[in-house]
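Q: Below are the structure tokens for one structure; questions will follow.
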Amino acid sequence: MDNSLQEALKPLRDKIDQIDRDILELLNQRAQTAIDVGAVKHKFQADSAVLKPEREAQVIRRLQELNRYGTFTETGVRAVWAEIISVCRGLEKGLTVAYLGPEGSYSEQAAMEFYGHSVQPLPCPSFDEVFRAVEAGQADVGMVPVENSTEGAVNRTLDLFLNSTVKVHGVRSIPIRHCLMSLHGTMDGVKSISAHPQALAQCQKWLSQHYPTMEIVPAASNSEAARHAAQDETVAAIAGETAAVFWNLGLVASGIQDDANNKTRFLAIGNIETAPSGRDQTSLIFAVPNRVGAVYEMISPFARNGVSMTRFESRPARTGQWEYYFYVDVLGHRSDENVARALDELKQQSAFFKILGSYPMQ
Ligand SMILES: C=C(O[C@@H]1C=C(C(=O)O)C=C[C@H]1O)C(=O)O
């Protein structure tokens, strides 16, 4: 029986081995071509950025389009080519990526999905440090959360964008599935539950139903809470499954976020300008003078120029005068004629105006 199974499998496995040899040969050709691209970039512009987010987005979109009727899945195409591109880019020049650590964080997951794994990771203790590392050139790029589908804006990130020189070159939304974890995979002997305040808020209902009297301890990050739980059996952490694997913790419960479709949107930050990719969005911040009808007047340039607004968020300006900064996303690239015109009109009337970047949509 077993022998005949092996016999039946043999030609198919031989075929897969041959296909893999062919893929490998092509991957090597691709890698060499990327090295050649790097040399051309350097020859024409010594300080030219190696990372070209618009080109990467176009490469992946084109393949997904070509693969519309393929057996290989659409998410598979994205995941595989993100890694192929990551390796090729790394051969041109290594990329250091900063994000909120330690290892096993959702930020790390978003960063690895966006840039691939062939990068130099730089886990940081806070969002402030991520921005600082990118500004100081200690990291080439960074990945920071801006919005959660349950809890709304990640305020610290929005505030950091206000005074930072970094620009946005990409966006990545990932599903957030929180797990409760502890050293022994049970709640026996556990006295407190720790996580980042965002995660605690996203699991509020579940926590009050299952552990209404347990002490809740906020942590700098979920993976930091996981690291703590790995050292202290009286602490359970809420974090992603990757953190449980990394810190060798046992899962007590999975998918404990109150909203099953809980998602977080991350922005890729760096010091590069991104050219149009064909399907882009633009993020900006502005402030309006404090008078009646000001907000209405401010956003009218978008309507006048046919520019769609996809996000509108406000943060207090901390002047104590009920003044606000508005964080807006619009469809299109800042170099598109209608977007450029709308932004120009808006800028004329703003008390504060800053474009965070135009970048490919996910
Ligand atoms: C090869 C290039 O450099 C990098 C690697 C890419 C790739 O492997 O496809 C695409 C864009 C760049 O981030 C390029 O610019 O074409």
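Laboratory data are not the source of any read-out in this text; all were calculated from the coordinates shown. Here the structure is a predicted model, which is why all the values come from computation and not from measurement. Neighbour counts are summed over all protein chains in view; Cβ atoms, including those assigned to glycine, are modelled from backbone coordinates with ideal geometry.
Q: Which stretch or stretches of the stretch 54-93 have amide N atoms under 20 Å from the point lying 7 Å from ILE35's Cα along the Cα→Cβ direction?
A: 83-93
Q: For a 30 Å ceiling on Cα separation, which of these pairs sit above it: LYS41/LYS263; LYS41/LYS167; LYS263/LYS354; LYS263/LYS347; LYS167/LYS263?
A: Among LYS41/LYS263; LYS41/LYS167; LYS263/LYS354; LYS263/LYS347; LYS167/LYS263, the Cα-Cα distance tops 30 Å for LYS41/LYS263; LYS263/LYS347.
Q: Lysines near LYS43 by alpha-carbon distance under 19 Å, same-chain residues fewer than 8 away left out - which ones?
A: Hits, sequence-local ones excluded: LYS52, LYS93.
Q: Under Stokes-Einstein, with the Kirkwood radius over Cα pairs standing in for Rh, what whole-number D in µm²/s applies to the stretch 22-92 at 37 °C and 0.692 mPa s?
A: Answer, rounded: 250 µm²/s.
Q: Could you tell me which trypsin sites (Lys or Arg not before Pro) in the stretch 313-362 are loop residues by DSSP with no more than 13 other beta carbons within 10 angstrom of their beta carbon?
A: Answer by residue number: ARG318.
Q: Can you give me the relative contact order of the chain as a percent, contacts being Cα pairs under 8 Å and 6 or more apart?
A: Relative contact order comes out at 17 percent.
Q: Given charges of +1 on the Cβ of Lys and Arg and -1 on the Cβ of Asp and Glu, with all other atoms neutral, how large is the dipole of the chain about its Cα centre, in debye to the nearest 20?
A: Dipole magnitude for the chain comes out near 860 debye.
Q: For TRP322 and ASP188, compute 0.36 nm times the residue count separating them, minus their Cα-Cα distance, and round to one decimal in nm.
A: The TRP322-ASP188 span can extend by a further 43.4 nm.
Q: Below 8 Å, C-alpha to C-alpha, sequence gap of six or more: please give me the relative contact order for the stretch 276-360 in percent.
A: Taking the mean separation of contacting Cα pairs over the length of the stretch 276-360, I get 49 percent.
Q: Separate question: Give the aspartates and glutamates whose C-alpha is closer than 12 Å to that of LYS191, dropping any in the same chain fewer than 8 places away, or say none.
A: List returned: GLU215, ASP232, GLU233.
Q: Take every DSSP beta bridge with both residues inside the chain and express the antiparallel ones as a percent of the total, to the nearest 5.
A: Expressed as a percentage, antiparallel bridges in the chain total about 75.
Q: Let me ask something additional. What value, in deg cm²/dmol to 500, does the helix sum -39500 (n - 2.57) over DSSP H runs of n ≥ 4 give at 222 nm once divided by the residues of the chain?
A: When only DSSP H runs of four or more count, the value is -14000 deg cm²/dmol.
Q: Add +1 for every Lys or Arg and -1 for every Asp or Glu among the other residues with Cβ under 15 Å from the Cβ of MET187, and state the total.
A: Here the charged neighbours net out to -3.
Q: Oh, and also: How much of the pair distance distribution for the stretch 276-360 lies past 20 Å, counting alpha-carbon pairs only, in percent?
A: Looking at the stretch 276-360, the distances longer than 20 Å represent 28 percent of pairs.
Q: If you average the C-alpha positions of the stretch 125-187 and of the stretch 6-32 separately, how far apart do those two centres end up, in angstrom?
A: Computed from Cα coordinates, the inter-centre distance equals 39 Å.
Q: Rounded to the nearest 20 Debye, what is the dipole magnitude of the stretch 22-92 about its Cα centre when Lys and Arg each give +1 and Asp and Glu each give -1 at the C-beta?
A: 200 debye
Q: Going through the stretch 200-252, which GluC sites (Glu not before Pro) have at most 16 other Cβ atoms within 10 Å and a DSSP loop state?
A: Qualifying residues, ordered by number: GLU233.
Q: What's the longest bit of the chain with no exposed chymotrypsin sites (Phe, Trp or Tyr not before Pro), using DSSP loop states and at most 16 other Cβ atoms within 10 Å as the test?
A: So the longest stretch without any such site is 73-321.
Q: So if I restrict to the alpha-carbon atoms in the chain, what is the Rg, and what is Dmax, the biggest pairwise distance, in Å?
A: In order Rg, Dmax, the Cα atoms of the chain give 23.4, 83 Å.
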